[in-house]
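Some notes on the structure that comes next.
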Amino acid sequence: MLYKLAHILRDKFGFLWNIIECCNAFVFSLTHKCALQKIPAILNECSGLFTLRMATSVDAAPLAKFFSEQPEDAFKFFKPHAFDEKTLSKIIRNKAFLMFLVLDGEKIVGYFFLRCFVNGKCFKGYIVDNSYMGRGIAKLEGLAMNKINEVLGLRMFGSISPENPASMAVAKAVNEVKILSTLDNGDYYIEFLPKAVNV
């Protein structure tokens, strides 16, 4: 219900949604200040062959370029926001919309995010450079989001199309997947739970 309401507000009542987002970001940054400060260390811990870090204001243009270089079908199942520099700059300033980059040297080869809310929930998403598919980046992004969310203490949600088995496979590799419902567009509305530990 909350997921649908958020999309209605965003799509039909933009001004009201902007006010809600500003308030949410302000409160979230205050209530999760200590946890947010731990994120750079977590990303550094997850880095290896590829470097993971948070996006900053200077990344808006390179990130827009990254999106522009992806083939059209890369966005068939990935439409969390617009991909122009102005929109990305605005999102980067939102302290509750945590944006992360995967780098190969200086080149952006992956992007992932956690969109967080003061009600204790967050929504995740990710994309990998088309030319870097099959190199474990999607799984790396998933594991990083799990570790970050562990310190944030939020319930993690998202949506996956039944026509996107690759995304479902990645999700199941790093999380227990609980399908809550089917959205109007046919996507599964999912809660991502920690993997059960075999004793």
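The values are calculated or read from the model by the stated rules, or taken from the named source; none is laboratory data. Every value quoted in this text rests on a predicted model; they were computed, and no experiment measured them. Virtual Cβ from ideal backbone geometry, glycine too; neighbours counted across all protein chains shown.
If the condition is being part of a helix (DSSP H, G or I) and surrounded by fewer than 13 Cβ atoms within 10 Å (Cβ to Cβ), then the range 48-74 contributes Ser57, Val58, Ala61, Lys65, Ser68, Glu72, Asp73. Taken together, Ala138, Ala166, Ala144, Ala96 contain a single residue that is of a type outside the set (D, E, K, R) and more than 29 Å from Val58 (Cα to Cα), which is Ala166. Residue check: is Pro62 of a type outside the set (Gly, Ala, Ser) and within 17 Å of the chain's Cα centre (by Cα)? No.
Say whether the condition of being of a type in the set (D, E, K, R), within 25 Å of Met168 (Cα to Cα), touching a residue at least 24 places away in the same chain (Cβ under 8 Å) and touching a helix residue (DSSP H, G or I) at 6+ places or on another chain (Cβ under 8 Å) is met by at least one residue in the range 53-61. Yes. Specify the residue that is surrounded by the most Cβ atoms within 10 Å (Cβ to Cβ); the eligible residues are those in the range 76-96 that are within 19 Å of Met133 (Cβ to Cβ) and in contact with a helix residue (DSSP H, G or I) (Cβ under 8 Å, 6 or more places away or on another chain). Here the answer is Phe83. Of the strands (runs of 3 or more DSSP E) lying entirely inside the range 82-198, those carrying at least 1 residues that are in contact (Cβ under 8 Å) with a residue 24 or more places away in the chain and within 21 Å of Gln70 (Cβ to Cβ) are 97-104, 107-116, 121-128, 155-160. The selection criterion, being over 17 Å from Ala25 (Cα atoms) and either of a type outside the set (Gly, Ala, Ser) or buried (at least 20 other Cβ atoms within 10 Å of the Cβ) (or both), holds for Phe157. Only a single criterion out of (1) modelled with pLDDT of 95 or more; (2) over 13 Å from the mean Cα position of the chain (by Cα) is not satisfied by Asn185, namely (1).
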